[in-house]
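Step one of this worksheet: look at the structure below.
Laboratory data are not the source of any read-out in this text; all were calculated from the coordinates shown. Everything numeric in this text was worked out from a predicted model, so none of it was measured. Here the Cβ positions follow ideal geometry from the backbone for every residue, glycine too, while neighbour counts run over all protein chains shown.
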Amino acid sequence: MSTETSEDQADSHWEDFFSEVHAPDNYEESLKKVRALIAEAHETSSRVVLVTSGGTTVPLEQFTVRFVDNFSSGTRGSTSAEFFFEHNYKIIFLYRQKSLQPFLRHVPNALDVIEVDGPCKVKVKCSEMSRLHQLLVQYQSFSKTCLEITYVTLGDYLWLLKGISKELNSLSSRALLYLAAAVSDFYIPKKEMPEHKMQSDKQPAGMVFSLVPKMLRPLASKWAPNAFIISFKLETDRDLLLPKAKAALEKYKHHMVVANLLTSRKSFVMVVECDDIVKEIHNPDASKEIEQMIVEHIILLGLSTFYPCSLVPHLE
Ligand code: PMT
């Protein structure tokens, strides 16, 4: 009797997903920019991190009016990107359109920082000036060396992930993949999806969702086998979190899983590494942003010559 689960079966059909879902409009142009950034990284021996961030949408109609979305705001990804930038990484920030962006996430609401200055004039409040100036300088310096690419749907995200990770593979251990985006496990295949907007005067036909193949499998084995790959594991049930994170590492043979629970993700994560090492990161009073602690842990690991798992390519 076969012990293969429907998840395993879906995983082996990842190519079918790409033959069914078309590439996003920004695909070619984005890859051109990625190649340029990587060429520069080769020249300057820089490290590059791909940070993915935000939620993925799953369209319900081919001409999409409605879609299924998830909660992710992009805090994890955008905050982490700031700390990688602090550590001199070049960053490819692949984020859900309109979710949070590094540095820009700190920009306050315009109406809170301006004041009336005469009949037809407004000015930035004096007390806000230095904070805004500092932010602008940081963002300008970030955007000079980093590349921001947007996606909206699950299909856009996976196409861009595949294309970018294949390019990054040439950097070997100087490439880091940090997959903080919230990626849907379900989608509606095109043949099951109505073409036009579903009409309210008809009872909707039952939605048929299919499992999305876990792209960590081809990512780690085919697209970027030389890069250092960190995935995230999200659960809502505490009892499932660690076993699932360990199982993912075992199954997809990448390098690290950062495990978090929906409700405590800003104050607690578990970092699962090979050889069954689990490091807990606590930030109970939110005195720092927990992403700073996660990134510092990763950087330290890269610097350590004692990283215990001999099978893992060394993170430079
Ligand atoms: O943006 P915030 O509001 O700050 O929230 C941050 C976060 C909770 C979204 C983030 O910390 C996080 O946990 N991201 C991963 C969410 C997720 O997709 O978890 P998962 O358990 O469903 O998937 C695990 C891993 O498999 C993910 O790294 C994902 O990239 C990968 N995956 C998922 C689906 C799929 N078809 N193929 C995949 O490879």
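Rounded to the nearest 500, the 222 nm mean residue ellipticity of the chain from helices alone is -11000 deg cm²/dmol, with -39,500 (n - 2.57) taken per DSSP H run of at least 4 residues. Largest mean-square fluctuation among 234, 111, 301, in a Gaussian network model of the chain whose springs join Cα atoms under 10 Å apart, belongs to 111. Restricting attention to the chain, close to 40% of DSSP beta bridges with both partner residues there are antiparallel. Antiparallel beta bridges, as assigned by DSSP with both residues in segment 73-160, represent about 40 percent of the total such bridges.
Mean projected area of the Cα convex hull of segment 38-117, taken over all directions, amounts to 9.2 nm². Evaluated at q = 0.15, 0.17, 0.20, 0.21 Å⁻¹, the base-10 log of the normalised Debye intensity for segment 1-141, with identical point scatterers placed on the Cα atoms, takes the values -1.04, -1.16, -1.28, -1.31. Here the residues 186, 142, 85, ranked from fewest to most Cβ neighbours within 10 Å of their Cβ, fall in the order 186, 142, 85. Each DSSP beta bridge with both residues in segment 220-286 is either parallel or antiparallel, and the antiparallel ones are about 60%. Other residues within the sphere of radius under 10 Å centred on the Cβ of residue 290, judged by their own Cβ, net out at +2 (K and R +1, D and E -1). Per residue, the convex hull around the alpha carbon atoms of segment 173-240 comes to 163 Å³. Coupling constants for segment 274-286 follow from the phi torsions by the Karplus curve (6.51 cos²θ - 1.76 cosθ + 1.60, θ = phi - 60°), and in residue order they are 5, 6, 6, 7, 10, 10, 8, 10, 10, 9, x, 9, 6 Hz; glycine and proline get x.
In units of the compact-protein estimate 2.2 N^0.38 Å, the chain shows a Cα radius of gyration of 1.08. Whole Å is fine, so just give me how far the alpha carbon centre of segment 153-180 lies from that of segment 220-274. Distance between centres, Cα-based: 17 Å. Among 209, 63, 84, the residue with the largest mean-square fluctuation in a Gaussian network model of the chain, with springs joining Cα atoms closer than 10 Å, is 63. Across 56, 44, 75, mean-square fluctuation computed from a Gaussian network of the chain (C-alpha pairs under 10 Å connected) peaks at 44. Rounded to the nearest whole Hz, the Karplus-based 3J(HN,Hα) values (6.51 cos²θ - 1.76 cosθ + 1.60, θ = phi - 60°) of segment 135-143 follow the sequence 4, 5, 4, 4, 5, 5, 5, 4, 6, with x at glycine and proline. Each label point was placed 7 Å from the Cα along the Cα-to-Cβ direction; for residue 71 and residue 221 their separation is 3.3 nm. Rounded if a/c is under 1.5, else prolate if a/b beats b/c, else oblate: with a ≥ b ≥ c from the C-alpha gyration tensor eigenvalues square-rooted, which is segment 225-287? Prolate, since a/c reaches 1.5 and a/b exceeds b/c.
To make sure I understand the rule: partners must be aspartates and glutamates, Cα under 12 Å from the Cα of residue 162, and not fewer than 8 residues away in the same chain. Which ones qualify? Result set, ordered by chain and number: 15.
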